1. Considering only region 231-245, state which residues are surrounded by fewer than 22 Cβ atoms within 10 Å (Cβ to Cβ) and either among the small types (Gly, Ala, Ser) or in contact with a Phe, Trp or Tyr (Cβ under 6 Å, 6 or more places away or on another chain) (or both).
2. Among the listed residues Ile180, Ile218, Ile208, identify the single one that is over 23 Å from Tyr101 (Cβ atoms), more than 21 Å from the chain's Cα centre (by Cα) and surrounded by 16 or more Cβ atoms within 10 Å (Cβ to Cβ).
3. Give the residue, chosen from Ile187, Ile163, that is closer than 24 Å to Ile16 by Cα and among the β-branched types (Val, Ile, Thr).
4. So Trp94 ticks every box in (1) surrounded by fewer than 15 Cβ atoms within 10 Å (Cβ to Cβ); (2) within 24 Å of Lys30 (Cα to Cα) but one. Which box is left unticked?
5. Restricting attention to region 134-173, which residues are assigned to a helix (DSSP H, G or I), among the hydrophobic types (A, V, I, L, M, F, W, C), buried (at least 23 other Cβ atoms within 10 Å of the Cβ) and within 11 Å of the ligand (Cβ to nearest atom)?
6. Mind counting the residues in region 205-220 that are farther than 20 Å from Leu64 by Cα and more than 11 Å from the ligand (Cβ to nearest atom)?
7. In region 195-205, how many residues are of a type in the set (Lys, Arg) and surrounded by 14 or more Cβ atoms within 10 Å (Cβ to Cβ)?
8. With a cut-off of at least 2 residues that are more than 10 Å from the ligand (Cβ to nearest atom), touching a residue at least 12 places away in the same chain (Cβ under 8 Å) and within 13 Å of the chain's Cα centre (by Cα), name the strands (runs of 3 or more DSSP E) lying wholly within region 1-116.
Amino acid sequence: MDDKKILFSAIQPSGILTIGNYLGALQNFKKLQDDYNGIFAIADLHTLTVRQQPSVLRANVYQLAALYLACGIDVSKSILFAQSHVSAHAELAWILNTICYPGELSRMTQFKDKSKRHEDNINMGLMDYPVLMAADILLYQTELVPVGADQKQHLELSRDLAIRFNNLYGETFKVPEGYISKSSARIMSLADPTRKMSKSDANLNAFISMDDDKDTIIRKFKRAVTDSDNKIVVSPEKPGISNLLSIYCAFTGLTFEQAQEYFEGKGYGDFKIAVGEVVADKIDPIRLEKNKFLSDKQYLDSVLSEGANKAERLAYRTLNKVYKKVGLVLRNR
Ligand code: TYM
């Protein structure tokens, strides 16, 4: 690792990802990996906070590793690894638990949402989720965390815990900054544009999965909920059209003004097909590339194992520092 700043982010292997994950996270990871030392994790321990079928979770870990690579994460520049392979994550989470208060965790929006959705399994892990996320970030002396807007509250907690620990025990952690890109911070559902696009939506037409083929993508965009006037502009009164324009701009790199100008005078039907086409043109090759990586499990295992070795070295540097600061006796090796 050279002296560039550290960037850390992670994604849960909790099923097939959507273009929300791609635009809010993966696309930015690829862009930023030249300017930062990128560290990217598969947040498998986080996924356990919602009941999983073990064989499906295992398959999803490989799916996500392959997707990271297909989206352009270059392991000669960046570190890619599974969170559970570096036990320092769980260890630091324990220490951070001792300076975090239940009230801070019970008021987290995601905890409240997920408690509603999984009423039969409101476990301690679900509540402690943001502390493990803080451990992920702080272990690497991270300066930048690219995420979608839904993770902002968790990121704030990471910053608070870093500052609190530094105040209690002396300068230990860098205080991380979020990187939330404007046009793609919050991609909304195609069926209900007032809600976030989410892979756990029961309505399959509400999201575009990274595994959808071109026909499916275009069909889903054709069905996207819009409104009854025929103006293609960004406006709070037009959440459906605004969301489609955000998606179009995030995939083409155009500004809202440029896109609005381009679609002036066109009808919703043509507009929706145009959005579907730019999305499919980007997603289709990624899906094919991902499937290539998936067919070589041995390669994926070797990538994850090398990534974990590199991550572990960095993580234990911080963890040892933390253990010393809080008064634990370091094991003599
Ligand atoms: P996860 O797995 O839910 O989502 C992965 C990333 O995708 C972003 N995202 C979206 N962005 C825009 N629009 C959407 N509709 C949308 N849906 C999801 C998320 O904001 C996220 O960036 N807790 C994290 C994983 C995590 C993590 C970390 C992230 C664990 N440790 C440390 C950063 C740093 C999560 O559940 O993301």
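The values are calculated or read from the model by the stated rules, or taken from the named source; none is laboratory data. Note that the structure is a prediction, hence the values are computed from the model and not measured. Glycine gets a Cβ as well: all are built from the backbone with ideal geometry, and neighbour counts include every protein chain shown.
1. Of all residues in region 231-245, those surrounded by fewer than 22 Cβ atoms within 10 Å (Cβ to Cβ) come to 231, 233-240, 242.
Within region 231-245, Val234, Ser235, Gly240, Ser242 qualify.
2. Of Ile180, Ile218, Ile208, the one residue that is over 23 Å from Tyr101 (Cβ atoms), more than 21 Å from the chain's Cα centre (by Cα) and surrounded by 16 or more Cβ atoms within 10 Å (Cβ to Cβ) is Ile218.
3. Exactly one of Ile187, Ile163 is closer than 24 Å to Ile16 by Cα and among the β-branched types (Val, Ile, Thr), namely Ile187.
4. Of the numbered conditions (1) surrounded by fewer than 15 Cβ atoms within 10 Å (Cβ to Cβ); (2) within 24 Å of Lys30 (Cα to Cα), the odd one out for Trp94 is (2).
5. Selection gives Ala134, Ala135, Ile137, Leu138.
6. Filtering region 205-220 down to residues farther than 20 Å from Leu64 by Cα leaves 205-206, 214-220.
Applying the additional criterion that residues be more than 11 Å from the ligand (Cβ to nearest atom) yields 205, 214-220.
Looking only at that region, the number is 8.
7. First, pick out the residues of region 195-205 that are of a type in the set (Lys, Arg): 195-196, 199.
Next, only the ones that are surrounded by 14 or more Cβ atoms within 10 Å (Cβ to Cβ) stay: 196, 199.
The number of residues fulfilling the criteria is 2.
8. Numbers: elements: 6-11, 37-42, 79-82.
Where strands (runs of 3 or more DSSP E) fall fully within region 1-116, none carries at least 2 residues being more than 10 Å from the ligand (Cβ to nearest atom), touching a residue at least 12 places away in the same chain (Cβ under 8 Å) and within 13 Å of the chain's Cα centre (by Cα).
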